[in-house]
Structures are given as structure tokens and as C-alpha cells.
Amino acid sequence: MNKLKYFFQFILIIIIFFIFKILGVKISSFLGGKLFQLIGPFFRSKEIINKNIKRAFPNIDKERLNKLKSSMWNNYGRVFAEYMFLKNFRKGFLDKNITIDGEEILNKIKDNNQKVIFISGHFSNFELMAMQIDKLGLNIAAIYRPLNNIFLNSIMEKIRIRYICKNQIKKGIGGLKELMRLNYQGYSTALMIDQRVSQGIKSNFFGEKAFTTTIPAQLIKKFEIPVVPIFIERYENIKFKMKVFEPINFSKEDSIMNITDRLNEILENMILNDPKSWIWTHNRWK
């Protein structure tokens, strides 16, 4: 039954993508945002989203809460529409629509042939992080969570491999082994640390414990490498600012828990800086 449902979802999305392709990136991004503002609330729990936002902003009033949710759905829809144009971003369109604050940090990592862990969250168009790092010539492997829809996932995997970076690592035990192998070969790692995981540790996140991936902490402990946080902000619809922070070095004495708590703290600050661009739909505290 699920396969049949996923198949019809796949057909519908392919039709929408085909229409977007005809309309072009600017119009499609705009329409995608408006579409998700309209239908998004019917597909995700309003209660979960409200609770998540109130964890970060306990005193938020109803007007600001609704405005924040509307902006989130708009960005979500824009990201959806922009998948159809990742090729355009890769081929040069991105160069005119993104500014990088801290590009010298990336160039230094490249020149020194240094191995690092790039971390971020699902902000703005989050796919552009690994794409831009790869475009600058750094060797990276990006961790991703496969979509539940098996038909759509096969398409998305091909898009990611072709236009984001060729080393796409699935979350899970098998993916972790592949990630370790690439790290031994000198590859850096790029991942989003904000998704809810079933395997991990309960780390502090907005004053409560939330299951959090330990992959960055494991890599830090094993390879003694720094973390480089990156934040992407959307402005003027399809323009982006990518902020690259200075590398953070942890000591050998830092525990997995301490490292993970610190990374969640960094994530919190990113969210508080631009809450409208973060995806509040995941139940991190389940």
C-alpha cells in the first residue's frame, strides 16, 4: 500500500518539477514558497511545530508565531522548487547569487590539504553548503538521510551525486563505515546535525534533552580534526549569504557528550539568528 502511495506522490512531484522547469528558477522558487505556505500545515503536525518554536521562544505571541511558521513554510517550498535548478546553481548561476563570508578559511583548508568536519543545519537552501565547498575544490563526503519515498529517493540521489558532491553517504552503520574509509583517505565531512535520530545521545538543545547524532564527535575523537560551522541565509528570494566560521579545535580530554553539547549550542545560536529559515517540523525532542 505504501509503495502505491509513494508512486502516486512521485508522479505528482515529477509533474510539478516539469512545470517548474518551464517557468524558470525565479518564478518557481516564488510559487514553491506560496504553495507550501498553503498546503504545508496540512501535512505536518501544527502542535509539534508550535511546541518546537516555543521551546526556543517561550514568550512568543500568537502573531509572531504564525508569521514565523508562514516564513518557514515559504522557505521550505522554495527549497523544494530549487531542487529542479541545482544544475543551474552548479554551473555558475550560484556565483551571481551567493556571497561567502570567510572564503579565505575554505581556501586555507584546501591549500593545507586539511581534513575538517563542516557542520550546519537545515537553513535556507541547505544543499548549497556541500555544493559550494565541493565547487571550491575541497574533497568532501556529505551525509544524507534517504527519503521514505523509494521512487523519489532514487532521483534525488542522482541529483545530489551529480550536482552537490559525488561522495554521498547514507545515514546508518554502512554509511559510517564508508565515511571512515574516506576520512582515512583525507576527505572532509559535511553534515546537518539538526535532524532527529534514533541512534545517538540525548544532548542539551534549547534547555531540553534531544537525541543528537554523535558522528561529528566520533570523527573528532578518532582523527583529531577541527569543526567548521557554516550558516546559510536566504535574502532577496534566491540570493544567499554563506558564513564560514573559524575552525573549532577540541582537546583529547573532551568527551563525546561535551563535544555534542557544544555543537548543539552552536546550532541553537544559528537558529536564534534566523529562526524563519530553519525547519521546525522535526520532532527533535521525541
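The values are calculated or read from the model by the stated rules, or taken from the named source; none is laboratory data. In this text, all values refer to a predicted model and were calculated from it rather than measured experimentally. We place every Cβ from the backbone using ideal geometry, glycine too, and count neighbours over all the protein chains shown.
Of note:
- Within region 20-34, the set of residues being hydrophobic (A, V, I, L, M, F, W, C), over 16 Å from F240 (Cβ atoms) and surrounded by fewer than 19 Cβ atoms within 10 Å (Cβ to Cβ) comprises I22, L23, I27, L31.
- Answer residue from region 193-251, given it is aromatic (F, W, Y) and under 16 Å from the mean Cα position of the chain (by Cα) and is modelled with the lowest pLDDT among those: F240
- From the list E268, E224, the one residue that fits, being among the acidic types (D, E) and touching a residue at least 60 places away in the same chain (Cβ under 8 Å), is E268.
- Looking only at residues in region 244-254 that are assigned to a loop (DSSP other than H, G, I, E, B) and not basic (K, R), the one that is surrounded by the fewest Cβ atoms within 10 Å (Cβ to Cβ) is E253.
- Residue that is nearest to the chain's Cα centre (by Cα) [pool: residues in region 175-192 that are in a strand (DSSP E or B), under 21 Å from E224 (Cβ atoms) and not small (G, A, S)]: L191
- The listed residues are E178, E157, and the only one of them that is among the acidic types (D, E), more than 18 Å from N264 (Cβ to Cβ), surrounded by 15 or more Cβ atoms within 10 Å (Cβ to Cβ) and in contact with a Pro (Cβ under 9 Å, 6 or more places away or on another chain) turns out to be E157.
- From F10, F43, residue being of a type in the set (F, W, Y) and within 17 Å of H282 (Cα to Cα): F43
- In summary, F8 fulfils each of the numbered conditions (1) under 30 Å from R90 (Cα atoms); (2) surrounded by 14 or more Cβ atoms within 10 Å (Cβ to Cβ) with the single exception of condition (2).
- Cβ pairs under 7 Å, 6+ apart, first in region 121-134 and more than 9 Å from I232 (Cα to Cα), second surrounded by fewer than 21 Cβ atoms within 10 Å (Cβ to Cβ) and among the aromatic types (F, W, Y): M131/Y163
- Test: residue in region 217-231 that is surrounded by 18 or more Cβ atoms within 10 Å (Cβ to Cβ), of a type outside the set (A, V, I, L, M, F, W, C) and under 24 Å from R262 (Cα atoms): yes
- Helices (runs of 4 or more DSSP H) (entirely within region 1-118) containing at least 3 residues that are among the hydroxyl-bearing types (S, T, Y) and over 21 Å from L136 (Cα atoms): 62-82
- Verdict on I238 being closer than 21 Å to A142 by Cβ, of a type in the set (V, I, T) and crowded, with 17+ Cβ neighbours inside 10 Å: no
- Checked against (1) assigned to a loop (DSSP other than H, G, I, E, B); (2) within 22 Å of N107 (Cβ to Cβ); (3) among the basic types (K, R), R196 meets all criteria but (2).
- Test: residue in region 255-270 that is part of a helix (DSSP H, G or I), of a type in the set (S, T, N, Q) and closer than 20 Å to K115 by Cα: yes
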